[in-house]
2 protein chains.
Amino acid sequence: MIPSNSRKMKALYFDKKLELRKDYPIPVPAKNEALIKVTLAGICNTDKEIMNGYVPFTGILGHEFVGIVTECSQLEFIGKRAVGEINIGCGVCSLCKRGMQNHCPQRKTLGINGKDGVFSEYVTLPIENLLIVPDEISDEEAVFTEPLAAAFNILQNVEISKQDRVAIIGDGKLGQLIVRAVSTTLCDLTLIGKQEKKLELAQDFCKTMILNESDDLENSFDIVIECTGNDAALLFAGNIVRPKGTIVLKSTYAGQIKFNPSLWVRKEIRLIGSRCGHFAPALQFMRESRIDLTKLIDKTFLIDDWEIAFITAFSKGALKVLLKLTK
Amino acid sequence: MIPSNSRKMKALYFDKKLELRKDYPIPVPAKNEALIKVTLAGICNTDKEIMNGYVPFTGILGHEFVGIVTECSQLEFIGKRAVGEINIGCGVCSLCKRGMQNHCPQRKTLGINGKDGVFSEYVTLPIENLLIVPDEISDEEAVFTEPLAAAFNILQNVEISKQDRVAIIGDGKLGQLIVRAVSTTLCDLTLIGKQEKKLELAQDFCKTMILNESDDLENSFDIVIECTGNDAALLFAGNIVRPKGTIVLKSTYAGQIKFNPSLWVRKEIRLIGSRCGHFAPALQFMRESRIDLTKLIDKTFLIDDWEIAFITAFSKGALKVLLKLTK
């Protein structure tokens, strides 16, 4: 067992700006928590939005990870590779009791709200948040569990059937994962994006289309999934969805956007916000489908090279950028 | 039969500004249309939004009315009091064939888009749009059929059960009609508004509450119906609805509003736009409930006094203002 209260670790700490601290204390797990040695962590657009002030957060950033459990009161976890759900509910409110910890008003969220995140060599999480990673899934795949679970969560929030014409707007890393999740419904699926190269990554799973305003797609889709987080895309979604169709909002918007909701009223559109999802369906998908998610990795950097990692992650057209925390 | 192609009538014509024309030709009904002598017409907020440029419209304004059928190939209509649904579909597209004329991309809409409206002594409408007004319903009630049908349409778009905690934001004329429609579900209903006097008008049907931002209503409602059309109310709706709850958008927004949809994503809220409704449920409600809708009439003006009528209708706190077109 590591003497976790005396040793130090590297950590990317955010307090108005991000910096690498090399002497951050390794956290001491609470009674219900495990200590996890982080192997790989993913940089997410939400990290950028937090750095831009989307929520007031001070602490270690990062919420996508895979690691090895080093301390845990449930001994079967020790030494195992694990991923962890990011919301930590109060456990006593009516929402927590209904299994909706991710909507608990008192919740903490890993690397987002009130809880140190995973851009560090060690992290603690409640044991009940942990899932052991099956052997068939590599670390490079397992690190996608959190965003892939968010993608699958769309299927919890919206019924999508084989007959539905579905469009996904946004060919970035989130859109790519959503393509893979939604394609399991066998619906008539189209990815609309701006970059040929990224659209190619999705061609095994759906039709693809370069965003071109001259195309007449008005009223062409039953369901439109907006995952770019910009107002022009939201307006476009309202245009291409049919009357009484559904728009899924699956993105973090950094600031206020300007729009006129009258279009939604006139077309009697349904909008559905969708956020985090449970990890089990994502792990099951990775184990059973054997789809190679590592194609979505742009580059992996050591934590010491965090500055170039973040520049790469947030540059136009980047796919998933990973941080390697420990071996 | 009135020689409709030679006689003139009074009409409130909108072409960038509204004016009373006294020599507008009485319209000649097409083969599938009836000619209706308008008795009473209601001024709606949508009329204001059109005058403010919400949609490009030139012609006779107005879409809420009750009148007497004077010409019609179906003789059973002649001399009868009638109201009329306002959307006129192309009749051949897939939406029209599925009974969704109100979403036909080629549709005309009475006094709103491509079809002269009802602020005039006579109007034409397709016979299939007409419904005869039962004797139990007075003209002063029947003129509410269109907005009341829009209120009942919410129940078509959202399932509301007895167990649901429902809030309506906005105590104006639309909110008042929605209160009466939604109260038929026996749900736990609260009207939130700004004016004691208007809230009193709803007290037979629901709880009422003065909008006061110090009240802690966060996450208190399963369903929130926003019928004010302003951005502060939309933000408030997102605040008071529970996670995974529903917001109904039931208003015309004149311009762009500034908003951050992240709240909807974070709380996984559903937003549902709701527009026009079928008239039959509204007429049935008026006939059977015997609720006195005439309490919602602010004042009735002759068409010659249209200027003061519009000033009254669009003054803060006004209820329904009617125009008397013919006796």
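The values are calculated or read from the model by the stated rules, or taken from the named source; none is laboratory data. Just so you know, these numbers come straight off a predicted model, no measurement behind them. Cβ placement follows ideal geometry from the backbone for every residue including glycine, while neighbour counts extend to all protein chains displayed. Heads up: the accessible areas ignore ligands, DNA and RNA and are worked out on the full protein's heavy atoms, side chains in. Shrake-Rupley method; radii C 1.70, N 1.55, O 1.52, S 1.80 Å.
Worth a mention:
- Boolean, B:P134 is closer than 27 Å to B:Y54 by Cβ and in contact with a helix residue (DSSP H, G or I) (Cβ under 8 Å, 6 or more places away or on another chain): no
- Residue match in the stretch A:201-208 (condition: under 17 Å from A:Q163 (Cα atoms), open to solvent by 40 Å² or more (accessible area, probe 1.4 Å) and out of contact with any Gly (no Cβ under 7 Å at 6 or more places or on another chain)): yes
- Qualifying residue in the stretch A:8-27 (condition: at pLDDT below 95, surrounded by 13 or more Cβ atoms within 10 Å (Cβ to Cβ) and more than 29 Å from B:V241 (Cβ to Cβ)): no
- Sub-8 Å Cβ pairs linking a first residue in the stretch A:97-125 that is within 14 Å of chain B (Cβ to nearest Cβ) to a second residue that is acidic (D, E) and surrounded by fewer than 22 Cβ atoms within 10 Å (Cβ to Cβ), at least 6 apart or interchain, are A:H103/B:E268; A:P105/B:E218, ordered by first then second residue.
- Checked against the criterion of being free of Cβ contacts under 8 Å to residues at least 12 places away in the same chain and surrounded by 14 or more Cβ atoms within 10 Å (Cβ to Cβ), the stretch A:65-85 has at least one qualifying residue.
- Hits in the stretch B:163-204 (condition: assigned to a loop (DSSP other than H, G, I, E, B) and either small (G, A, S) or within 20 Å of the chain's Cα centre (by Cα) (or both)): B:G170, B:D171, B:G172, B:L201, B:A202
- Taken over the stretch A:48-64, the criterion of being open to solvent by 20 Å² or more (accessible area, probe 1.4 Å) and either modelled with pLDDT of 95 or more or of a type outside the set (G, A, S) (or both) is satisfied by A:K48, A:E49, A:M51, A:N52, A:Y54, A:V55, A:P56, A:T58.
- Within the stretch B:224-323, strands (runs of 3 or more DSSP E) holding 1 or more residues that are more than 14 Å from chain A (Cβ to nearest Cβ): B:297-302
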